[in-house]
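Notes to accompany the following structure.
The values are calculated or read from the model by the stated rules, or taken from the named source; none is laboratory data. Quantities reported herein were computed from a predicted structural model and do not represent experimental measurements. Cβ placement follows ideal geometry from the backbone for every residue including glycine, while neighbour counts extend to all protein chains displayed. Just the protein is used for accessible areas: all its heavy atoms, side chains included, with ligands, DNA and RNA removed. Shrake-Rupley method; radii C 1.70, N 1.55, O 1.52, S 1.80 Å.
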Amino acid sequence: MSLRTQSSLDVTEEALQEISSEANKLVFEYLKTISERPVRAENYAGKTTESIAAELSTEGIPLTQLLDECRTILDLSRHNGHPRFFGYVASPSTPIGAYGDLIASTLNANITCWRSGAAGTEVERMVVRWLGSLISYDHDAKGLLTSGGSMANMIALLVANRRKSSTAVSRSGLWNSGPPMTVYASSEVHMSIAKAADILGFGRDFVREISCDDRQRMRVDLLREKIEADRSEGLRPFCVVGSAGTVNTGVVDPLSDIAAIAAEFDLWFHVDGAYGAPGVLDERKKHLFAGLELADSVSLDPHKWLYVPVDAGCLLFRDDAAAKATFSTEEADYIKTHGYVDEEAFAFWDYGIELSRRFRALKVWLTLQYYGSRRIAEAIGEDISLAAYLGELVSNADDFELLAPVELSICCFRYIPRERFSETDLDKLNERIMERVQKGGRAYLSNATVNGHFALRACITNFRTTKNDIDETVAVIRDAAKTCVS
Ligand SMILES: Cc1ncc(COP(=O)(O)O)c(C=O)c1O
């Protein structure tokens, strides 16, 4: 048996130079051309795998061919960074954020704790504090970066439950803890809350859906009624979730009023600001977020409205004792931070689910520091203004109807043809229009159901979008509508 005498997978200095300059060239080309590409490539299932080498190579493939295949993969992708991409909640990444990911992967630190990733841990704790301060939650916020809002919401629900029940549940299981424990959220809350309740064993039915007012904000009078009714039936309410920017229409629940109810009934108050929390940076919208500072925990996604590349979610809390009580374990000797005390014994495994964790904070830190909070806030304010502009265009047009007020940067509307259509046919027509627009590649919208109607939905979290892009999108929708009506 021969033992290795030199590194096996490292490459020569020339090869390293070639990888970095050729990969950089590709990134440069992509960022330079993104606005001219179709938003979505013409595609069918299997086209990508047909277009690149189909077999796993045994001897390796030359770099030039691999980068050409990367170009094919880029060409066959949907370009969320295109200025007329308005689907779901997906923002473009800033160039510096993308390089943040490259630098983090180059270092390949595993941010489990200070001992294992001292610099990365400190940067993450600093970034978490900044995010808490940026959204006017808490200047000394604790928390952690996550894969996204779904993970942040799930961690929040678990911490909330343990704080309001007992950490003994972690040993004995929920079935030994007494009557079901209930969570409250509006009918507009993101699906990740019900999913978390399912995964955590609370049960989807025990997420009590509170109806909304005509602006899609949680009805706090109904919240109180439901909590009282559940209590009188012996259930154990433990958490209320407010939305700071709902996924459908972008409205912010009445956070102060919800906080008051949470305090009155001793519930954990979680705010899902995964999409909308950065909206507080626009002075015109600040008032909507009053009460955010009263939350026990807040989710926000830098990979949504702070333009950081996926993945970068965040869960913030003010008091880390509840998180530590939930996640700290004495059981695993192999992770003990022997020889470290105080700040040097800090471990993210005491705060959440993951053990191995990417150095996500680097790209968040680079993005925030490269632009500064003022420019980021300006970009967010511009997104909000562009959504309002789209709202005006559709409200003032005879062939469109605005379906919900534009509160942050989401505009929900539908096309109304001159001919009389039933409600069902209007839904079908708008669904066809959306499909036509999505497949056409000139713009991209997704959908929402608003007061029972099928809505075309534009979510503008896109620093590349300009007024012309909004005008063109309206023209694209009209073009699609003509072909769908005729
Ligand atoms: C309000 C809200 N919460 C949570 C999520 C889930 O976030 P993620 O996709 O990062 O898991 C989303 C996603 O769009 C959202 O809009």
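Shown for the chain are the DSSP H helices of 15 Å or more along their axis, judged by Cα atoms, with a mean Kyte-Doolittle hydropathy of at least 0.5: 95-107.
Residues whose amide H comes within less than 5 Å of that of C113, counting only those at least five positions distant or on another chain, are F348 (H built at 1.01 Å from N in the peptide plane). As a fraction of the 1.4 Å probe accessible area of region 120-271, surface on carbon and sulfur atoms comes out at 47 percent. Here region 24-107 is treated as an ellipsoid with the same Cα gyration tensor; its semi-axes, largest first and in whole Å, are 24, 19, 12.
Among the protein heavy atoms of region 10-87, carbon and sulfur supply 56% of the accessible surface, probe 1.4 Å, non-protein parts ignored. For the chain, DSSP calls about 60 percent of its internal beta bridges antiparallel.
Think of the chain as a dipole: +1 on every Lys or Arg Cβ, -1 on every Asp or Glu Cβ, centred on the Cα centre; then among S409, S21, G120, S409 lies furthest on the positive end. The GluC sites (Glu not before Pro) of region 133-240 that meet both conditions, a loop assignment by DSSP and at most 15 other Cβ atoms within 10 Å of the site Cβ, are E233.
With the highest mean first, a sort of the peptides 466-477, 300-311, 338-349 on other beta-carbon atoms found within 10 angstrom per residue produces 300-311, 466-477, 338-349. The residues of region 1-117 present an accessible area of 66 Å² per residue when probed at 1.4 Å with all protein chains retained. For region 181-314, give the share of DSSP beta bridges that are antiparallel, in percent and rounded to the nearest 5; count only bridges with both residues there. Looking only at bridges with both residues in region 181-314, the antiparallel portion is about 15 percent. Tell me which trypsin sites (Lys or Arg not before Pro) from region 326-435 have a DSSP coil assignment and no more than 15 other beta carbons within 10 Å of their own. Answer in residue order: K336, R418, R420. Considering only the Cα atoms of region 355-486, their convex hull presents on average a projected area of 10.6 nm². P(r) of region 1-45 in 5 Å steps, Cα pairs, percent per bin? Percent of pairs per bin, in order: 5, 15, 13, 13, 12, 11, 9, 10, 4, 5, 2, 0. Shape analysis of region 240-339 based on the Cα gyration tensor places the equivalent ellipsoid semi-axes at 29, 19, 10 Å, largest first.
Let me know the whole percent of all Cα-Cα pairs from region 95-245 that are separated by more than 18 Å. Counting every Cα pair in region 95-245, those more than 18 Å apart make up 68 percent. Using a 1.4 Å probe over the heavy atoms of the protein chains, calculate the carbon and sulfur portion of the accessible area of region 370-468 as a whole percent. So the carbon and sulfur contribution to the accessible surface is 45 percent. Helical content of the chain, expressed as a calculated mean residue ellipticity at 222 nm, amounts to -13500 deg cm²/dmol (DSSP H runs of 4 or more residues, -39,500 (n - 2.57) each, divided by residue number, nearest 500).
Computed over the chain, the Cα gyration tensor eigenvalues convert (square root of 5λ each) into semi-axes of 36, 36, 20 Å, ordered from largest to smallest. Throw me the Rg/Rh for region 1-141, computed over C-alpha atoms with Kirkwood Rh, two decimals. Value, to two decimals: 1.05. Largest first, the extents of the alpha carbon coordinates of region 330-375 on the three principal axes equal 46, 21, 13 Å. Probing with 1.4 Å while keeping every protein chain in the model, the per residue accessible area of region 355-451 equals 47 Å².
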